[in-house]
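**Q** This is the structure I have questions about; it appears just below.
The values are calculated or read from the model by the stated rules, or taken from the named source; none is laboratory data. Computed from a prediction, not measured in an experiment: that's the story for all the values here. Here the Cβ positions follow ideal geometry from the backbone for every residue, glycine too, while neighbour counts run over all protein chains shown. In case anyone asks, the SASA skips ligands and DNA or RNA and just uses the protein heavy atoms, side chains included. Shrake-Rupley method; radii C 1.70, N 1.55, O 1.52, S 1.80 Å.
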Amino acid sequence: MKHTLFFLLMSWVLVPAAPGADPIPSPPAAPVSRTVDVPPRRRPGPAKPLRVLTDSGNNFRYAPHRVIDPRPVAQQLRYVCHEAKILEKAADELFSREGNFANWHHFREWGILYANLPRLTGRPDVVPTETAKYALALLCDERYKEAEQILRKLAEKNPDDYGTMILIGAFSVRNKEYFPYLEKAFAVDPTWSVNFIAWQSQNLDLLQKLPEEWDFVGAFLPLLLQHREQIDFDAIPAPALLRLNKAIREKYFGEERLIRPEYRDQKEKWSSLCTILVQHMD
């Protein structure tokens, strides 16, 4: 809906008047004064640094890459349908620990379409709905309760399945009860788990409609310290490394990069982890 309103507005602004149409009247000109007082030009202040954590510092800030697509909405929908198989394969790769963590264009739109296929087709069995992939699609559609129900069933049925562990572990942003699943996922594959959380935090808005926050970041970042000898930092995209580095700086350091008093005894380990992250950004 937002895209539709945006394009309608831009069309109204940019499309010239039709031949013979009355021109849009210009506002009356202001009376010209012989002397004009020009206010002194203020120098803009320094830009505020972009933050990767929420104001509370307890969670990653949802900040997806925004791409302005000039095509009409109908063409964008056609694109999502045309690329559905590719995007579905990308979703499978998130759970099979294959592929990469690129920000696929229109991935979230695919998830919304996939989640609603049973409604759109009138066929409840058109796609398997008791899967981690369908739960991921439901999260794209912000249907959190339905996704949680599926994830709980999957965890009870096969608690050692990595795809289930990592997704319900990511869902622990909303419910602290599920954080042990993220710890189990790290024990299986810490590198992929870091990548998944970094990807999820930028592509799925799990914080929306959240009644209260717990300190997810304060529990997640120590997992990097715990598994840093096993993590292949070269396999983590540079933008994700940058976000992690900034998260550590925002969480544990204050102004002028001074360690916050409550974390003074942890200064060396967080500083060393930041050094590792920076070294692998190139």
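**Q** If you filter region 59-168 for trypsin sites (Lys or Arg not before Pro), then keep DSSP loop positions with at most 12 other Cβ within 10 Å, what is left?
**A** R66
**Q** Something else about it: Could you calculate the contour length gain from N158 to E98, that is, 0.36 nm times the residue separation minus the distance between their Cα atoms, to one decimal place in nm?
**A** Full extension of this stretch gives 19.6 nm more.
**Q** Could you rank E93, E156, E146 by how accessible they are, 1.4 Å probe, largest area first?
**A** The ranking, largest first, comes out as E156, E146, E93.
**Q** May I pose another question? How large is the accessible surface per residue of region 60-183, computed with a 1.4 Å probe and reported in Å² as a whole number?
**A** 54
**Q** Based on alpha-carbon centroids, what's the gap between region 79-141 and region 209-281 in Å, whole number please?
**A** Value for the Cα centre distance between the two parts: 31 Å.
**Q** If the convex hull of the alpha-carbon atoms of region 133-241 is projected onto planes in all directions, what is the mean projected area in square nanometres?
**A** Directional mean of the projected Cα hull area for region 133-241 stands at 6.6 nm².
**Q** Among the lysines, select those whose C-alpha is under 29 Å from the C-alpha of K246, and discard any that sit fewer than 8 residues away in the same chain.
**A** K48, K176, K184, K209, K267, K269
**Q** Give the accessible area for C140 in Å² (nearest 10); use a 1.4 Å probe, count only protein heavy atoms, and leave out ligands, DNA and RNA.
**A** Near enough 0 Å² of accessible area.
**Q** Compute the Cα gyration tensor for region 50-183, then decide on rounded, prolate or oblate, letting a ≥ b ≥ c be the square roots of its eigenvalues: rounded whenever a/c is under 1.5, prolate when a/b is larger than b/c in the other cases, and oblate in all that remain.
**A** Judged from the Cα gyration tensor, region 50-183 comes out oblate (a/c at least 1.5, b/c at or above a/b).
**Q** For the pair V73 and D232, how long in nm is the line joining their label points, each one 7 Å along Cα→Cβ?
**A** 4.3
**Q** On a full-extension model of 0.36 nm per residue, what is the gain between V278 and I112, subtracting their alpha-carbon distance, rounded to one decimal in nm? Could the numbers behind the result be given before it?
**A** Numbers: separation 166, 0.36 × 166 = 59.76 nm, distance 3.57 nm.
Here the segment from V278 to I112 would lengthen by 56.2 nm.
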